[in-house]
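> What follows is a structure written as structure tokens; I'll ask about it next.
Throughout, read-outs are computed from the coordinates displayed, never taken from laboratory work. Worth saying up front: this structure is predicted, and the values here are computed from it rather than measured. As a convention, Cβ positions derive from the backbone with ideal geometry for all residues, glycine included, and neighbour counts pool all protein chains shown.
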Amino acid sequence: MATLSTAERVVIKIGSALLVENGRLRADWLTGLAKDVAMLRARKVDVVLVSSGSIALGRGALGLPNTALALEQSQAAAAVGQIRLARAYEEALAPYNITAAQVLVTLEDSANRRRYLNSRATLEQLLTLGAVPIVNENDTVATDEIRFGDNDRLAAQVAVTVGADHLILLSDVDGLYTANPALDPAATRFETVEAITPEIEEMAGDPTSGLSKGGMKTKVMAAKTAMAAGCAMIISEGSVLRPIRALEAGAKATRFVAQTDPHLARKAWIFAMKPRGAVRLDAGAAKALAAGKSLLPAGVVAVIGQFERGDSIAIEGPNGHTLGYGLTRYTSVEADEIKGHRSTEIEDILGYAGRAALIHRDDMAI
């Protein structure tokens, strides 16, 4: 049985076929999902929703056919549907005093390290403030060259970005099968998947829903991404009115086991990067880092090399020995200007209000 008893941060992906029917929002289903989100939030679990549905809603509002759309039609439908989707989530979560936030992303936001850090910081701040981010691909501007193309992989990337420990794909299937159960009565469902093998990848099929862009193939790809980042993934049939409660009560599902935990996976990722430069600290800053604090500009005595925001840089102690590595929030030029200064002085020095930490503790491996 899939369990969320140990979950601290959960990403839930909602497919279009669950949320939209014949161009109309399934309001009763969304109401049930909102109850599930409130249930998780009451247990102090952070929740991020990756929701399809904007194009499907916009298609219905604009009277577009339920067939493959041209790029311009998809973008127009998304522009109309995004407003409706955001409003629907806001109204569904409001009775539980939960603030909904809309976050629209493209593939470039994860491929470009600077934009990745911006996305991560925004999502982290929203979760800290108790909001529930509603993430969707920005289909109004995304083209085939710069898009994820399906929300299964987008959800996995979001799970990696926010350091989630669980990713739940609510879909029109109740797990991973040895074959397509609609075509093969002998197909059996996997309860647990420990590793994505070539055999499992070959079992993945194509989409069965006219609204869905992703099939089992994209879900297996999402599982590979999530598992490697320390995030367990669950595929569950989500059409029931309380899909998360049903999952915890023993609904059929396939659980993909995380290969590590999110914190260790992120530190390993940072360690694997080639540093572009370095900063040297005073004794006080080195002691603060050892205690798990972020690196503030005041503790930096020297900036070495040239680097851009988002680059990996080495963190050196007073004697020049490397203490660890981190992703810098400032360029080398900016870091050199603010080194030795308090965070409250950054705006006066740089001319804009920057971030308080030069390297946040979540972006460093000591």
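> For region 273-365, count the residues as N, evaluate 2.2 N^0.38 Å, and divide the Cα radius of gyration by that value, please.
For region 273-365, the normalised Cα radius of gyration comes out at 0.94.
> Also, I was wondering about something else. Say R0 is 51 Å: what FRET efficiency, to the nearest 0.05, do THR260 and ILE349 get from their beta-carbon distance? Don't skip to the answer; put the middle values down first.
Details: r = 40 Å, r/R0 = 0.78.
Efficiency, from the Cβ-Cβ distance: 0.80.
> Please report the relative contact order for the chain, taking Cα pairs under 8 Å with a sequence separation of at least 6, and give it as a percent rounded to a whole number.
This gives 16 percent for the chain.
> Against the empirical 2.2 N^0.38 Å scaling, what ratio does the C-alpha Rg of the chain come to? The partial results should precede the final answer.
Details: Rg = 22.1 Å, N = 366, 2.2 N^0.38 = 20.7 Å.
Cα Rg divided by the expected 2.2 N^0.38 Å: 1.07.
> If you fit an axis through the alpha-carbon atoms of helix 216-228 and take the longest principal axis of the Cα set of the chain, what angle between them do you get, 0 to 90°, nearest 10?
In the chain, helix 216-228 runs at an angle near 30 degrees to the longest axis.
> Shape call for region 10-126 from the C-alpha gyration tensor, a ≥ b ≥ c root eigenvalues: rounded (a/c under 1.5), prolate (a/b greater than b/c) or oblate? Working shown, then result.
Working: a/c = 2.39, a/b = 1.18, b/c = 2.02.
Oblate, because a/c is 1.5 or more while a/b does not exceed b/c.
> Any chance you could give the angle, 0 to 90 degrees and rounded to 10, that helix 262-272 forms with the longest Cα principal axis of the chain?
50 degrees
> Can you give me the distance in nm between label points at GLU8 and ALA356, each placed 7 Å from the Cα along the Cα-to-Cβ direction?
My value for the distance between the label points is 2.0 nm.
> Rounded to the nearest 10 degrees, what's the angle between the helix 27-42 long axis and the longest principal axis of the chain, both from Cα atoms, 0 to 90?
Once rounded, one gets 40 degrees.
> Let me ask another. Output wanted: per-residue J couplings in Hz (rounded whole) for region 352-366, from phi through Karplus 6.51 cos²θ - 1.76 cosθ + 1.60, θ = phi - 60°, x for Gly and Pro.
So the J values, rounded to whole Hz, are 8, 7, x, 7, 5, 9, 6, 9, 6, 4, 6, 10, 9, 10, 9.
> Can you tell me the FRET efficiency between GLU202 and VAL240 if r is taken as the Cβ-Cβ distance and R0 is 35 Å, rounded to the nearest 0.05? Can you show the working numbers first?
Values: r = 30 Å, r/R0 = 0.86.
That gives a FRET efficiency of 0.70.
> What number, rounded to the nearest 500 deg cm²/dmol, is the helix-based mean residue ellipticity at 222 nm of the chain, given -39500 (n - 2.57) per DSSP H run of at least four residues and division by all its residues?
-11000 deg cm²/dmol
> Could I have the simple spin-label model distance between HIS341 and ALA70, label points 7 Å from Cα toward Cβ, reported in nm to one decimal?
Simple spin-label model gives 5.3 nm for this pair.
> Report, for the chain, the % of DSSP beta bridges that are antiparallel, rounded to 5. Write down the numbers at each step before the final one.
Working: 19 of 49 bridges.
So the antiparallel bridges amount to about 40 percent of the total.
> Could you work out how far apart the two model spin labels at LEU62 and TYR96 are, taking each label as a point 7 Å from the Cα in the direction of the beta carbon, and quote it in nm?
Going by the 7 Å Cα→Cβ label model, 3.2 nm.
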